[in-house]
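Input: a single structure, listed below in structure tokens.
The numbers here are math on the coordinates, done by the rules we state, and not lab data. Worth saying up front: this structure is predicted, and the values here are computed from it rather than measured. A quick note on method: Cβ atoms are made from the backbone with ideal geometry, for glycine too, and the neighbour counts reach across all protein chains shown.
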Amino acid sequence: MPGRSIAIAGCGIAGLAAAALLARAGERVTVFDRVEAPQPIGSGLILQPVGLAVLDAIGMGARIRALGAPIRRLYGRTKPSNRIVLDVRYRALGGGAGEGLGVHRGALFEVLHDAAREAGAETIGGKEIRGAGGGRLIFADGSQSAKSDLVIDALGVRSSLSRKQPLPLLPFGALWCNLDWPQGEAAAIFDANALEQRYEAARKMVGILPVGSVRTGAPRQAAFFWSLKHAELDAWRATPLEAWKDDVRKLWPQAASFIDQIVDREQLIFAAYSHGTRSSPLSGGLAHIGDSWHSASPQLGQGANMALLDALALARSLAVHPAIPDALEAYSRARVGHIRLYQLASWMFTPAYQSDSAAIAWVRDWLMAPVSRVWPAPKILAALVAASIAAPLAAIEAIADG
């Protein structure tokens, strides 16, 4: 018996993961994207144990682990005091709960793209999506897709299918780029299994995340990021590159082996962020997944993991419930609690690391940081970072029980 026809709008992490899972389950999946040859946008990210579990379900867990860099600690100091104000260790979870995996966004894209293609999903590029209705996607040139049994919106935070008006941007964004991991004595300065950050109050932040290799045999790399307000972007562009690099070195002198690799402003990409959640992942016959449903600042680094969990929950719901409306309701029930919890946590944590407030930075450094080292805070923080609070995988597995 042929599977149901499913159209997916968007060829990012959420769309490709859903395509791979649904096609593996026997559904007839077509992914549409506005660019002729979809490619990743961004630098690096941390796959948490829950996200890796989804990659295992897709059949690509071993491949992405071979490319990525195990992350066992998130660590940050504030300047000029040099106080440790962030120290999250996965070992605090106990019981072999796992660790994170720093990955190059390009590596994750290729792994998911291959998984979707190998499962039988079709990808059609060059289709700018403007709307949807009656099981069809409507494109900018006036054409429409064939009628589908279900349309999935995976277009991301700027989805034309999710909101009438785009979400407002958060005040702070970030400059990102991928740089080669240093060799020799310079490599010994950094922990190859930790996300490290340095802060000046909450106004400035620089970070280095090991992300492994983009493909087998390629050099090991790190994602470098520098926090920057939208209102200061034009001024940054007008500032001599070396002057900006001097500012970074002043905040983190040991990062020179990375900073020295930046020789052209074009190496850096400015990423903007929004924070907002639709009241429901369902609307007008559509299922929204990933940033089309919920977007947040990167402070908890959960965007990719939430997208992967959404894809798994939707695929499991469709596998269990023959009637699509029932499947969509099960998908919503399985994910809504976890999403709301992490949206709230992200909203609460963001000002402590990206804001102009000296008072909030003081509270972070002198109250929050000491408390975070007192039991049971280390375990709670590790669980928060690992995205395991509210047991999202258990909620997905419970779909079969109704």
The answer for Ala201, listing residues at least 5 apart or on another chain whose modeled amide H is closer than 5 Å to its amide H, is Lys79
Please give the peptides 387-393, 329-335 ranked by average Cβ packing (other Cβ atoms within 10 Å per residue), highest first, as a rough proxy for protection.
329-335, 387-393
Can you flag which of Lys79/Lys250; Lys79/Lys204; Lys79/Lys379 are past 20 Å Cα-Cα?
Lys79/Lys379
Can you list residues whose amide H is under 5 Å from Arg130's amide H, if they're 5+ apart or on another chain and H is modeled 1.01 Å from N?
Ile138, Phe139, Ala140
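Tally Lys/Arg at +1 and Asp/Glu at -1 over every other residue whose Cβ is under 12 Å from the Cβ of Leu108; what's the total?
Values: positive: Arg63, Arg65, Arg105, Arg215; negative: Glu110, Asp114.
Value of the local net charge: +2.
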Report, for the chain, the % of DSSP beta bridges that are antiparallel, rounded to 5.
70
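If we sort 258-268, 13-23 on the protection proxy, mean other Cβ atoms within 10 Å, highest first, what's the order?
Numbers: 258-268: 14.7, 13-23: 30.3.
By packing density, highest mean first, the sequence is 13-23, 258-268.
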Two-decimal Rg/Rh of the chain from alpha-carbon positions, Kirkwood Rh?
0.97
Spherically averaged projected area in nm², based on the convex hull that wraps the Cα atoms of the range 107-191
10.0
Cα centroids of the range 182-246 and the range 329-381: how far apart, whole angstrom?
23
Could you quote the convex hull projected area for the range 13-53, Cα atoms only and averaged over all directions, in nm²?
3.9
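For Ser143, Ser257, Ser283, what's the fewest-to-most ordering of other Cβ within 10 Å of each Cβ?
On the way: Ser143 10, Ser257 19, Ser283 16.
The order, fewest Cβ neighbours first, is Ser143, Ser283, Ser257.
Evaluate 2.2 N^0.38 Å with N set to the residue count of the range 186-311, then give the Cα radius of gyration divided by it. Each step should come with its number before you reach the end.
Working: Rg = 17.7 Å, N = 126, 2.2 N^0.38 = 13.8 Å.
Rg over 2.2 N^0.38 Å, computed on Cα atoms: 1.28.
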Take the alpha carbon atoms of the range 12-86, find their center, do the same for the range 279-324, and report the distance between the two centers in whole angstrom.
15
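Would you mind counting up the charge near Arg91? Only other residues with Cβ under 11 Å from its Cβ, with Lys and Arg at +1 and Asp and Glu at -1.
Numbers: positive: Arg72, Arg73, Arg89, Lys379; negative: Glu99.
Counting the neighbours of Arg91, the net charge comes to +3.
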Would you work out which of Ser145, Ala201, Leu179 lies farthest towards the positive end of the dipole of the chain? Charges go on Cβ: Lys and Arg +1, Asp and Glu -1.
Ala201
What are the membrane-span-like helices in the chain by this rule: whole DSSP H runs, Cα extent along the axis at least 18 Å, mean Kyte-Doolittle hydropathy at least 1.0?
303-320
Bin width 10 Å, alpha-carbon pairs only: give the P(r) of the range 245-402 as whole percents, running from 0 to the bin holding the largest distance.
9, 29, 28, 21, 11, 3, 0
Across 5 Å bins from the origin, how do the percents of Cα pairs in the range 127-242 run, short distances first?
2, 9, 12, 13, 11, 11, 13, 12, 9, 6, 3, 1, 0
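If you wrap a convex hull around the Cα atoms of the range 36-167, how much volume per residue is inside, in Å³?
180
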Place a label point 7 angstrom from the Cα of Asp114 along the Cα-to-Cβ direction, then list the residues of the range 36-60 whose backbone nitrogen is under 16 Å away.
40, 55-60
What per residue convex hull volume, in Å³, comes out for the range 326-390 when only alpha-carbon positions are used?
84
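With +1 on the Cβ of every Lys and Arg and -1 on the Cβ of every Asp and Glu, and nothing else charged, how large is the dipole of the chain about its Cα centre, in debye rounded to the nearest 20? Walk me through the numbers on the way to the answer.
Values: 41 positive and 35 negative charges, 142 e Å.
About 680 debye.
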Can you tell which of Ser279, Ser148, Ser297 shows the greatest fluctuation in a Gaussian network model of the chain with Cα springs below 10 Å?
Ser279
